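The values are calculated or read from the model by the stated rules, or taken from the named source; none is laboratory data. This is a predicted model, so every value here is computed, not measured. Here the Cβ positions follow ideal geometry from the backbone for every residue, glycine too, while neighbour counts run over all protein chains shown. The protein model used for the area step is the full one, side chains on, heavy atoms only, and it has no ligands, DNA or RNA in it. Shrake-Rupley method; radii C 1.70, N 1.55, O 1.52, S 1.80 Å.
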Amino acid sequence: MEQIQATPVKRLCNTHMAITVNGMLPGPTLEVKNGDTLEIEVVNKARYNATIHWHGVRQMRTGWADGPEFVTQCPIRPGGSYTYRFTIEGQEGTLWWHAHSSWLRATVYGAIIIRPREGESYPFPKPKRETAIVLGEWWDANPIDVVRQATMTGAAPNNSDAYTINGQPGDLYKCSSKDTTIVPIDVGETNLLRVINAALNQPLFFTVANHKLTVVGADASYLKPFTTSVIMLGPGQTTDVLIQGNQLPARYYMAARAYQSAQNAPFDNTTTTAILEYKSAPCPAKKGINGPKPIMPSLPAYNDTNTVTAFSQSFRSPRKVEVPTEIDESLFFTVGLGLNNCPPNFPSSRCQGPNGTRFTASMNNVSFVLPQSISLLQAHQHGVPGVFTTDFPGTPPLKFDYTGNVSRSLYQPVPGTKLYKLKYGSKVQIVIQDTSIVTPENHPIHLHGYDFYIVAEGFGNFDPKTDTSKFNLVDPPQRNTVGVPVNGWAAIRFVADNPGVWIMHCHLDVHITWGLAMAFVVENGLGELQSLQAPPPDLPIC
């Protein structure tokens, strides 16, 4: 059972009543095996509506358990409960769970570790130990108040005050040293670090002083191993790395800080640390306060896009994979920010975005609006009219120079609850194009209910004539969240074999708040095994 509740949490010298699961931050780790069926009762003892999303779990035919508020369910009201039932099928590695309601996921999150089935093993030598490294983001405030204030004023929300590793900011912040996360290792042993970016709004670089990281998996899919000194994860992404205890026995900092691709946008430029500690390190080194300080790694510059590009281009599936080739649905989605002109009835205090505007965001010029009285999946299942339309545009309504100087007339998207219909089994390609409206930015785009192959990414405007030839249709990586390059594009492919309503959104929470999302309706196929299951009797009512 997971109980969502307010808990006093002290960080950066101050105590806040944070919303947690079972009083823990991060919340409990779910340790399961490939093939397991889970039943998780979530009881909401907090004062806010809540839901839990099992990020990256395929949810085959179990869309009712996916969790995004007003997409697949109405929220669990304060005092209510709901049991999520689903099966892990064909996935191994690291995923995570988090709240999918307002900004609750600032503190409501935890790891999901999926081990191979009984009798099966990792495709790499079994590590001596394993450690979940959950990167988070902390506000010295109530995160719900932060987003409410931003929604009220139309301005960007206040930046966070710290990043955290396993809930702790680490030695570089005030009042934080004594609780710094310590990760044990010993000479000659291999440790599997399961790194999760659970931060709300910030892609993060992660590195360990004097140690190389061998990347072996991401988003619960194995990868062809490659070695690097630094990794980058957008919010929502996970990366499994092996680290060898091959340095002098001592203490070494692990550190994470922002990758900031949006120019001139303010951001939290602090650094969170944990300590990799050799068990055989000489005693003084362990005393902490009196012993020598751990060795600090160097991190890339905040805007080091070259490192990010080199890293993401190293990703390959371990062997040849079956990438959809005959494409039924070729879609082109622009993503990015926008600015709405101040509505005539609004006072200037509610239009504190640039030049008296309000921030917004969109895909293909549609700013996504969630229903408020029924979920999209319920409306679809029961044929309730007037909740959504299925006319989401498969291409931008207007072609323009997406990454160039964009005319101010294109800054205002249209609000709407538009979905895109996919036939069961259709082979889908989506090219996701960043735009330079307001500012270009690396957007982590997450698709619920599916893994997809990232067949290519590039900079500038996507050109089907020249860029299609660069697609990797042999061994592209499989993921559930793609970092769309700043001022660039990414091409993904998948087969629509999971019926239901599936939201696709930017995992920077401020952007989904502003409408950077859309949803697919995937129709049932033939027979029971290709159809969405019936809704559970305890599905929360609105």
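Potential lengthening of the chain between K178 and N405 amounts to 76.8 nm, from the contour at 0.36 nm per residue minus the alpha-carbon distance.
Remark: the C542-V384 segment gains 55.5 nm on full extension, using 0.36 nm per residue and subtracting the alpha carbon distance. Taking all protein chains as shown and a probe of 1.4 angstrom, I52 keeps an accessible surface of around 0 Å². Ligands, DNA and RNA excluded, the heavy atoms of S348 present near 90 Å² of accessible surface to a 1.4 Å solvent probe. Extension gain, E39 to N345, is 105.3 nm, computed as 0.36 nm per intervening residue step minus the present C-alpha separation.
Remark: region 1-119 carries a charge dipole of roughly 360 debye about the Cα centre, counting +1 on each Lys and Arg Cβ and -1 on each Asp and Glu Cβ. Across the chain, the relative contact order, built from alpha-carbon pairs under 8 Å that are at least six residues apart, equals 15 percent.
In the full protein context, the chain carries 38 Å² of accessible surface per residue, based on a 1.4 Å probe and ignoring ligands, DNA and RNA. Using a simple spin-label model with pseudo-atoms 7 Å out from Cα toward Cβ, N22 and K423 lie 4.6 nm apart. Spherically averaged projected area of the convex hull of Cα atoms, region 22-143: 8.5 nm². Of the solvent-accessible surface of the chain, computed with a 1.4 Å probe and all protein chains present, 51% belongs to carbon and sulfur. Dipole orientation for region 415-488: of the candidates P485, Y453, V428, V428 has the Cα lying most toward the positive pole (charges on Cβ; Lys, Arg +1; Asp, Glu -1).
The alpha-carbon atoms of the chain define a convex hull whose volume equals 148 cubic angstrom per residue. With the simple model of a label 7 Å out from the Cα in the direction of the Cβ, D328 to T228 spans 3.4 nm. Computed from the Cα positions only, the extents of region 329-530 along the three principal axes stand at 55, 44, 26 Å, in decreasing order. For region 302-331, backbone nitrogen atoms closer than 17 Å to the point 7 Å from K212 Cα along Cα-to-C-beta are found at 311, 314-315. For the chain, the antiparallel share of DSSP beta bridges with both residues in that region comes to about 75%. With a cut-off of 19 Å on the backbone N, the residues of region 215-252 near the modelled label site 7 Å out from N306 along Cα-Cβ are 228-232. Taking each DSSP H run with n ≥ 4 as -39500 (n - 2.57) and averaging over every residue of the chain yields -1500 deg cm²/dmol at 222 nm. Note on E130 and K470: the model spin-label points, each 7 Å out from Cα along the C-beta direction, lie 3.6 nm apart.
Taking the Cα centre of the chain as origin and assigning +1 to Lys and Arg Cβ atoms and -1 to Asp and Glu Cβ atoms, the resulting dipole is close to 940 debye. Each peptide among 2-10, 451-459, 74-82 gets the average number of other Cβ atoms lying within 10 Å of its residues, and from highest to lowest they stand as 451-459, 74-82, 2-10.
Antiparallel beta bridges, as assigned by DSSP with both residues in region 329-530, represent about 70 percent of the total such bridges.
Taken over region 402-482, the ratio of Cα radius of gyration to 2.2 N^0.38 Å equals 1.29. Once C-alpha pairs closer than 8 Å and six or more residues apart are averaged by separation and normalised to the residue number of region 76-222, the relative contact order reads 30 percent. The figure for D328 is an accessible area of roughly 100 square angstrom, using a 1.4 Å probe on the protein chains alone.
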